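Peer 1: Handing you this structure, nothing more for now.
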């Protein structure tokens, strides 16, 4: 090979190298752009997923709040029912309606159990109350002695008032208990 051919070959190799370099650079640049575009799409998808997660979290919070409010309302209703049962129970004892007293004691116990389910924080206190006073009330009703029953009922009632005060119940709840006591005293007096 002569010098001219060698120069041409070198020149051709350089030109081919430059063309290949440009081609590879464009190809790599295109791939980088495609990857960058894919990364942007992924980032947008992640932002969308993050927004969805926040929306789900908000919905879960709303549901929990709604359930807590329903449980609170149910607990309040249970407490009102307990007050009514206590009043009926006292009437049953004062008028020596022992079968009615036994029914009221059973219903009182069921309502206390429901209240404990509705308020897990107060459940141990409610359970202690049930374990202490329900057997005493049952025993007093089975003896069919109005004086003995009244003594146990008063003890139970005072425990109710004490629990309400200790739990920081609103004054209206304690006032309701006082009204029950006052009504009973007026009827029996």
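FYI, it's all coordinate maths here, none of it is from the lab. Please read all numbers here as calculations on a predicted model, not as lab measurements. Using ideal geometry, Cβ is built from the backbone for each residue, glycine included, and neighbour counts are taken over all protein chains shown.
Peer 1: Measuring from centroid to centroid over Cα atoms, what is the spacing of the range 19-56 and the range 98-172 in Å?
Peer 2: 68 Å
Peer 1: While we're looking at this one, here's another question. Mind giving me the FRET efficiency for residue 34 and residue 4? R0 is 45 Å, r the Cβ-Cβ distance, nearest 0.05 is fine.
Peer 2: After rounding, the FRET efficiency stands at 0.55.
Peer 1: Taking the number of other C-beta atoms within 10 Å as the exposure measure, put 109, 50 in order starting with the fewest.
Peer 2: Listing 109, 50 from fewest to most nearby Cβ atoms yields 50, 109.
Peer 1: Just need the relative contact order of the chain here, percent rounded to a whole number, with Cα pairs under 8 Å and 6+ apart.
Peer 2: 17 percent
Peer 1: For residue 102 and residue 57, what does the FRET efficiency come to when R0 = 41 Å and r is the distance between their Cβ atoms, rounded to the nearest 0.05?
Peer 2: E between residue 102 and residue 57, to the nearest 0.05, is 0.25.
Peer 1: Residues of the range 112-147 with backbone nitrogen within less than 18 Å of a virtual label 7 Å along the Cα-to-Cβ line of residue 67, please, listed as ranges.
Peer 2: Residues 115-123 fall inside that zone.
Peer 1: In what order do 110, 27 fall by count of nearby beta-carbon atoms within 10 Å, going from fewest to most?
Peer 2: If I rank by nearby Cβ atoms, fewest first, I get 27, 110.
Peer 1: If you don't mind, another one. Quote to one decimal, in nm, the extra length available between residue 20 and residue 136 on full extension: 0.36 nm per residue of separation minus the C-alpha distance between them.
Peer 2: Full extension from residue 20 to residue 136 adds 31.9 nm.
Peer 1: Using 0.36 nm per residue of separation minus the Cα-Cα distance, give me the extension gain between residue 47 and residue 120 in nm, one decimal.
Peer 2: Residue separation times 0.36 nm, minus the Cα-Cα distance, leaves 22.4 nm.
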